Amino acid sequence: MTMTIGGEHNGWEPNGRGNMEWNDGSLYQGHWESNVMSGVGTLRIGSGGTTISNIDPCEGTYFEQGTIVRGDFRDGVLNGKGVIVFPNRKVFVGAFEDGLCIATADPADSELVSSTICFEGRIV
């Protein structure tokens, strides 16, 4: 894996505010803690798509190329409020726990309105 690190870092590990770009074109801009996405950030998925999981890559959430994931990250996955914009321009706004959606945001509480919903931990 080839990557470019910008911003604050400790040796080769990003730590603090910064960005990382992988050789597939994926780009994360936001906060890091010891080489792990932690804090507010934006992840743009590059060619080939990617699975995001802090437990098992086979059980994580797969995002296709062009997806934008923005929100509160902890341990490398969304935890807290998040917005996902899919390549087909559908939008999910809601809450996440360990990378899985747990609730769709109430339209009265958000500037954006979801065109998808959270059902049993998956965005549909």
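The values are calculated or read from the model by the stated rules, or taken from the named source; none is laboratory data. Being a predicted model, the structure only gives us computed values, none of them experimental. Every residue, glycine among them, receives a Cβ derived from its backbone with ideal geometry; neighbour counts consider all protein chains shown. Note: accessible area is taken over every heavy atom of the protein model, side chains too, but ligands, DNA and RNA are not part of it. Shrake-Rupley method; radii C 1.70, N 1.55, O 1.52, S 1.80 Å.
Values as computed for the structure displayed
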| quantity | calculated |
| --- | --- |
| Filter result for the condition that a residue is modelled with pLDDT under 85 and touching a Lys or Arg at 6+ places or on another chain (Cβ under 9 Å), over Gly7, Gly30 | Gly7 |
| Flag if Gly94 is under 27 Å from Glu33 (Cβ atoms), in contact with a Leu (Cβ under 7 Å, 6 or more places away or on another chain), of a type outside the set (A, V, I, L, M) and at pLDDT 80 or above | no |
| Residue check, Gly48 open to solvent by 30 Å² or more (accessible area, probe 1.4 Å), at pLDDT below 85, of a type in the set (Gly, Ala, Ser) and in a strand (DSSP E or B) | no |
| Extreme residue, nearest to the chain's Cα centre (by Cα), among residues of the stretch 88-114 that are part of a loop (DSSP other than H, G, I, E, B) and surrounded by 13 or more Cβ atoms within 10 Å (Cβ to Cβ) | Gly99 |
